[in-house]
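Here the structure is laid out as structure tokens; the discussion comes afterwards.
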Amino acid sequence: MSRRLSLLLAVVMLFSFTIGASAQRTGTWVDEVIFVEEANVSTAISRLQAGDIDIWANSSSDVTAYNTVQVDPALDYYISYGSYTEVTYNTVGPEFNDGRLNPFGNRKIREATNWLFDRDYIAQELYSGLAVPKYTLLNSSFVDYSRVVEKVRELELKYAYDFERGKQVIHEEMHKMGADLVNGVWHYKQEPVELIILARNEDERSRLGDYMGEQFEKVGFKVRVEHRSGTELSPIWMMGDPALGEWHAYTGGWLSPVVYRDQGHIFNQMYTRRSMTQPRWQALEPIPELDEISDKLYRREFNTLEERKALYERALELAFEDSPCVFIVDKVSFTPIRAGISVASDLAGYVAGTDLWAPTLRRGEEIGGTVNIALPQVLVEPWNPVGGSNWTMDLMPMRATFDRGLMVDPFTGNYWPHRIERAEVTVKEGLPVTKTLDWVTLDFEEEIVVPGDAWAEWDPVEGRFITVAEKWPEGVTALRKSVMYYTDLNKVKWHDGSDWSIVDILLPFIFDGFDRGMEESPLFDRSAVSGLETMLKSFRGLKIISTDPLVYEYYSDSWSLDAEHNISDLFAVQYNYGKQPWHTLAIGMLAELNEELAFTATKANDLEVEWLGYQAGPSIRILAKWLDYAIENNWIPYEDFLSDYITEEEIQERYANLKAWYQDKRHFWVGDGPMMLERAFPTEKMVHLVRFEDYSEPVGKWSMFEEPAIAEIEVSGPARVSAGQVATINVDITFKGEAYRAEDLQQVKYLVLDSSGKVAFSGEGDIVADGKAVITLTGDETAQLPVGSNTVEVIVMPKLVGGASLDQHTFVTLP
């Protein structure tokens with residue numbers, strides 16, 4: 001069956017499998033997956049053609065490579081929209097430790113660089129048209145872009161390419177910082193001001209680095225562009241101390257791993273210290289108002305969509321003024337594979353970004369066998385579930401090794417239950433929450449009272465939870481209550497043979513949720529403080545109703561627009577960095593307590609020790625030593641509390657299992673997912689995963705995803721409109737040539753732009769039938785338009801995919 005994809009669609013194969021095979025087999029169709037390193041897309045395609053690899057699990061916008069794949073019947077590809085490029089600045093300053101000036105320590109200079117970069121040129125010339133200009137953190141294919149599109153258009157116009165304006169601001173600010181322009185070159189303390197640009201050499205960012213260097217030289221800086229791989233650059237810009245001044249700017253590449261239905265959390269990630277633990281982010285000093293609004297958007301501290309929109313729009317304005325990073329392009333990317341290989345692919349995060357890649361991967365109709373996957377980098381940074389690598393190239397193999405309570409829909413970004421059976425969500429009356437799927441119930445109440453015996457906060461000194469009644473004697477309410485019901489977790493096994501235990505939830509909830517961010521804790525990590533502060537502002541309580549089956553109530557003032565997202569999956573703690581059982585976390589904690597390893601790059605730098613990695617490297621020998629200590633002492637963290645939930649015999653069994661695992665595998669990465677890590681080879685840059693035979697869930701469980709119903713739209717209307725005349729704009733909406741069902745359309749929105757690109761007015765169209773919408777511009781509205789060319793831009797938001805489709809119609813307004 002042909003799966004040739006158009007540039008508009010990212011198609012996931014409709015699986016064909018026998019009832020017998022799917023009933024007998026669990027976990028994955030394949031027996032093993034080998035990850036190897038291949039940075040260059042052209043070389044990757046040659047290897048695909050030769051059968052050396054089966055998937056190049058990266059996204060590329062190389063038009064020559066794309067054309068090669070299109071015409072080769074032995075190859076196929078997926079299209080995705082979640083990759084983007086930005087410029088990351090080192091914001092330390094105004095001086096580095098050695099006294100050199102850092103121009104990007106100046107907020108106004110960072111803002112001015114927005115005018116230096118011609119995003120249209122970059123998209124067309126450097127990315128050969130497989131990209132669109134990007135000005136904000138919002139992905140133009142996601143729904144949040146359409147929600148604030150008026151403000152986005154305004155900011156895109158304000159920060160459009162204007163080299164002379166950017167140069168003027170930079171010159172003014174450099175003089176204020178004490179620099180002098182000598183023979184066209186900026187000097188500080190009689191020395192030239194040299195900018196060090198770190199440019200990734202694996203893709204278009206190599207050319208972007210050169211372009212940046214040219215632009216900065218034109219405004220008077222001496223520039224050195226260092227072209228290196230991500231593996232070589234990561235220790236400098238991400239792990240290194242920014243105050244050392246080893247770099248000024250980095251050509252960043254990011255991936256939205258899923259279709260985000262709400263991008264509000266990304267302000268925290270990109271502009272504050274709260275989400276990212278690496279030194280570069282911990283050095284940020286955001287505008288206080290931006291910091292406050294980012295926190296509010298993360299915690300949903302608003303009551304209506306109108307309030308949210310106002311916060312969002314102000315945050316976007318302040319983000320430009322702060323500009324610790326400058327967004328450049330959203331990529332339209334392709335991922336090449338061999339024909340006959342089928343695997344889930346996310347509309348945003350392609351193959352590497354979806355949790356579904358491992359259980360859906362298959363070669364034709366085969367059961368078993370090996371699939372070889374190439375990544376541009378392999379084993380980039382240490383794997384640990386607290387503060388380890390969050391590189392997509394590391395996370396892809398990691399995702400196959402750990403299980404979760406839910407799965408993310410690769411087309412809509414909504415949540416489907418996996419280990420969760422059902423959820424009951426109650427939110428405060430009036431909050432704009434809606435429900436799509438039947439596994440969640442949604443109710444509204446005037447007041448949600450948190451029970452007094454729920455856990456409210458951890459006490460790091462006494463080693464116990466403080467109850468709601470203790471923390472709030474007068475009582476407390478919450479905006480959201482979620483009751484989570486899990487399936488039979490007695491079926492869950494860890495890869496070392498250990499049975500699942502409630503302690504596998506409790507330990508990470510205590511350690512990563514609270515203890516690390518508390519100064520009184522022996523495991524205090526300063527990079528965890530801001531995240532804990534954010535969490536405590538909204539967390540109101542956890543009450544475990546039952547451990548078998550697992551049922552608990554979670555109370556919070558943080559909520560989401562979708563009922564399905566108003567959950568708290570403690571089974572996987574929604575880790576950004578993977579997942580581990582309590583006994584492997586424990587030996588890592590011992591190593592950190594004794595200042596031999598550290599979970600985060602920030603604390604590793606502070607202690608001058610190794611950044612902890614469970615998969616390979618120098619950490620393994622140290623972890624093995626502390627495993628022996630744990631065995632000898634039958635050690636468990638937070639013993640006074642956790643001993644109520646586990647027996648001495650269970651502790652002994654866990655460590656015995658881990659010892660046997662280590663002796664066999666020579667690493668400590670133990671998961672509970674459909675595949676397990678056989679071995680990681682840092683020198684050879686290879687990762688070997690094998691099918692976990694004791695995984696309980698049937699193969700084929702996630703084969704329901706076919707192709708995303710991306711709306712195709714065509715806008716038509718009059719070529720000329722007299723001022724004061726009513727104008728009717730028709731919108732035809734189809735999918736694969738058929739009318740898009742009206743019930744599957746969420747909204748049709750429009751903007752009217754004048755000839756300067758400014759938004760004259762906006763509104764909503766009427767969905768009048770399947771595949772049909774009508775926009776009516778009243779006489780009063782057309783009277784506002786200047787004489788000349790004007791444009792109606794239409795945004796259609798379907799319910800079946802998480803992104804919007806756009807088209808436009810241009811007309812001339814007559815007097």
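The values are calculated or read from the model by the stated rules, or taken from the named source; none is laboratory data. Small disclaimer: the values here were computed from a predicted structure and weren't measured. As a convention, Cβ positions derive from the backbone with ideal geometry for all residues, glycine included, and neighbour counts pool all protein chains shown. Areas reflect the complete protein model, heavy atoms only, side chains present, ligands, DNA and RNA absent. Shrake-Rupley method; radii C 1.70, N 1.55, O 1.52, S 1.80 Å.
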Inset, instruction - Determine whether SER538 is surrounded by fewer than 21 Cβ atoms within 10 Å (Cβ to Cβ) and without any contact (Cβ under 8 Å) to a residue 60 or more places away in the chain. - result: no
Legend entry - Selection count, region 285-307, where residues are farther than 15 Å from THR91 by Cβ and touching a residue at least 60 places away in the same chain (Cβ under 8 Å): 8
Legend entry - Matching entry among LYS701, LYS749 (being assigned by the TED database to the domain that holds THR778, open to solvent by 20 Å² or more (accessible area, probe 1.4 Å) and not small (Gly, Ala, Ser)): LYS749
Inset, instruction - Determine whether region 704-723 contains at least one residue that is of a type in the set (Phe, Trp, Tyr) and open to solvent by less than 20 Å² (accessible area, probe 1.4 Å). - result: yes
Inset, instruction - Please indicate, with yes or no, whether at least one residue in region 325-332 is under 28 Å from LYS603 (Cβ atoms) and surrounded by fewer than 22 Cβ atoms within 10 Å (Cβ to Cβ). - result: yes
Inset, instruction - Just name the residue that is modelled with the lowest pLDDT out of those in region 731-759 that are over 16 Å from GLY802 (Cα atoms), among the hydroxyl-bearing types (Ser, Thr, Tyr) and under 32 Å from the mean Cα position of the chain (by Cα). - result: TYR750
Inset, instruction - Go through region 127-154 and give me each residue that's within 18 Å of ARG308 (Cα to Cα), outside any loop (DSSP other than H, G, I, E, B) and in contact with a helix residue (DSSP H, G or I) (Cβ under 7 Å, 6 or more places away or on another chain). - result: TYR145, ARG147, LYS151, VAL152
Inset, instruction - Give the number of residues within region 313-334 that are of a type in the set (Lys, Arg) and assigned to a strand (DSSP E or B). - result: 1
Inset, instruction - Specify the residue that is farthest from MET686 (Cα to Cα); the eligible residues are those in region 412-439 that are crowded, with 22+ Cβ neighbours inside 10 Å and in contact with a Pro (Cβ under 9 Å, 6 or more places away or on another chain). - result: ALA423
Inset, instruction - Give region 258-281 a look and list any residue that's modelled with pLDDT of 85 or more and among the hydroxyl-bearing types (Ser, Thr, Tyr), or say none. - result: TYR271, THR272
Inset, instruction - Scan region 87-102 for residues that are within 17 Å of THR251 (Cα to Cα) and either assigned to a helix (DSSP H, G or I) or open to solvent by less than 10 Å² (accessible area, probe 1.4 Å) (or both) and jot them down. - result: VAL87, THR88, TYR89, ASN90
Inset, instruction - Kindly indicate whether any position in region 239-247 is farther than 25 Å from ILE122 by Cβ and at pLDDT below 90. - result: yes
Inset, instruction - Please state which of the following conditions PRO397 fails to meet, knowing it meets all the rest: (1) touching a strand residue (DSSP E or B) at 6+ places or on another chain (Cβ under 7 Å); (2) under 30 Å from PHE524 (Cα atoms); (3) open to solvent by 10 Å² or more (accessible area, probe 1.4 Å); (4) not aliphatic (A, V, I, L, M). - result: (3)
Legend entry - Failed criterion for GLU793 (all others in (1) closer than 28 Å to TYR159 by Cβ; (2) more than 31 Å from the chain's Cα centre (by Cα); (3) open to solvent by less than 40 Å² (accessible area, probe 1.4 Å) hold): (2)
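Rundown of residues vs (1) open to solvent by 10 Å² or more (accessible area, probe 1.4 Å); (2) under 30 Å from ALA283 (Cα atoms); (3) in a helix (DSSP H, G or I), yes/no style:
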| residue | (1), (2), (3) |
| --- | --- |
| ALA616 | yes, yes, no |
| ASP640 | yes, no, yes |
| TYR662 | yes, no, yes |
| PHE668 | no, no, no |
Inset, instruction - Residues being in contact (Cβ under 8 Å) with a residue 40 or more places away in the chain and open to solvent by 10 Å² or more (accessible area, probe 1.4 Å): count how many of those fall in region 111-131. - result: 9
Legend entry - Subset of region 642-660 [in a helix (DSSP H, G or I), open to solvent by less than 60 Å² (accessible area, probe 1.4 Å) and closer than 15 Å to ILE502 by Cα]: LEU642, ILE651, ARG654
Inset, instruction - Check whether at least one residue in region 451-464 is crowded, with 18+ Cβ neighbours inside 10 Å, part of a loop (DSSP other than H, G, I, E, B) and either in contact with a Cys (Cβ under 9 Å, 6 or more places away or on another chain) or modelled with pLDDT of 95 or more (or both), and report yes or no. - result: yes
Inset, instruction - Among the residues of region 589-606, count how many are under 25 Å from TRP281 (Cα atoms) and out of contact with any strand residue (DSSP E or B) (no Cβ under 7 Å at 6 or more places or on another chain). - result: 10
Inset, instruction - Sort out which residues of region 199-241 are of a type in the set (Ser, Thr, Tyr), touching a residue at least 60 places away in the same chain (Cβ under 8 Å), under 17 Å from PRO376 (Cβ atoms) and part of a helix (DSSP H, G or I), and write them in order of number. - result: THR231, SER234
Inset, instruction - Report the residue count in region 554-567 for those that are surrounded by 20 or more Cβ atoms within 10 Å (Cβ to Cβ) and under 20 Å from ALA456 (Cβ atoms). - result: 6
Inset, instruction - Inspect region 394-405 for any residue being free of Cβ contacts under 8 Å to residues at least 24 places away in the same chain, within 15 Å of the chain's Cα centre (by Cα) and closer than 16 Å to GLU37 by Cβ and give the result as yes or no. - result: yes
Inset, instruction - Output yes when any residue across region 732-743 is touching a Gly at 6+ places or on another chain (Cβ under 7 Å) and buried (at least 18 other Cβ atoms within 10 Å of the Cβ), and no when none is. - result: yes
Inset, instruction - Considering every residue within region 260-267, establish whether at least one is surrounded by 21 or more Cβ atoms within 10 Å (Cβ to Cβ), of a type in the set (Val, Ile, Thr) and assigned to a helix (DSSP H, G or I). - result: yes
